[in-house]
Structures are given as structure tokens and as C-alpha cells.
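See structure below.
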Amino acid sequence: MWFKYPLIILLFFLFALLQVSFLPHFSIMGVVPNLVFILFFLFIFFERENQGGETFFTVIIAGFFLDIFSTSFLGKSILLLLVMYLFLRAVTHFLKQKQGKYIIVYFMGLFSLCFVLYALSMYSLFSISIFLHLICNLLFALIGFYVYKIIYKNSDANNQLKLL
């Protein structure tokens, strides 16, 4: 299982490179999706109960790559993502029984809340552009949500406790 950590680093590195080198050429009204934040959110939203250390590692790596390509000081994104991770862990703990059928609604709501808080914390401005960024990022996050559901469709069913 040690190969997960280099794979996580490589995945975040590739998404960060794609975000800053390729996607700005295809921006719509100056909006580029934040692929690193979307990947981070997908990792922590679909976290399994026994992945505490792995998810903490994901928070550090995602925050590091977000900090490298931002103009703020090193560590601000790591701290924000850690707070978001703890918040999402608490929320999903309380909503665990209710989110089975309407998981997409919880995903969209929590992603929107976390993205707006992240954008306000990092860029310290509230304008219509935040909502344009939110719509663009939510679209890519929903694509990632459905890709995850397709890939892990069979493995989630096999992890259930079988009593009989």
C-alpha cells in the first residue's frame, strides 16, 4: 500500500500542471477550473472510515500545490484545506444515514460552500466572479463525481457488511 502516496503526489502534480499551463488557454470569461481543489474535495468527500492518515497526507499535498501556484504565503491553503477537511468529516458523520439516496445534493451543497469559503479566504473579495468560478468548478466537480461513481460502483457494493 506504500504506492498510494507517490500516486497521490503524481496525480496532484499532474492536475496542478494541467491547471496552470494548459487550461488558461481555454478559459471562458477568465474562469479556469481549480482542478487541485476539485480533486482534493473528491478525495475527502469519498473518504472511507479507515483512511485518516492517507487523507491527512492528501490535505498536505493538495494545500502544498495550491500554495505553490498562489500569491499568498506558503501554508495558507494547507491550513484552509485542513479546516475544510475537519468540517466535512463532522458534517458527513452526522449526515451518513441521510445521504445515501441524495448524495449528489449533499455533494453539490458542500462543494459550493467549501469553494466559496476557500475563494473568499484566498482572494479576499466578494464579487460576481466568485459565482462564475463556482459554476465552472462545480461543473468539473460533478464530472469528477460521476467518474468516481462509475469507477467504484462495484467496489462500494462489495464493502458492505453481509450478515447472512
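What follows is calculated from the coordinates using simple rules that are stated; it is not laboratory data. Only a predicted model underlies this, so the values are computations on that prediction, with no experimental measurement involved. So basically every Cβ, Gly included, is an ideal-geometry build from the backbone, and we count neighbours across all protein chains shown.
Averaging over all projection directions, the Cα-based convex hull of the stretch 4-150 occupies 8.9 nm² in the image plane. Compared with the direct C-alpha span, the chain from residue 153 to residue 79 gains 23.4 nm at full extension, assuming 0.36 nm per residue.
Between residue 131 and residue 54, the FRET efficiency estimated from the beta carbon spacing at R0 = 25 angstrom works out to 0.15. In the stretch 1-88, one over the average inverse separation of all distinct C-alpha pairs is 13.6 Å, which is the Kirkwood hydrodynamic radius.
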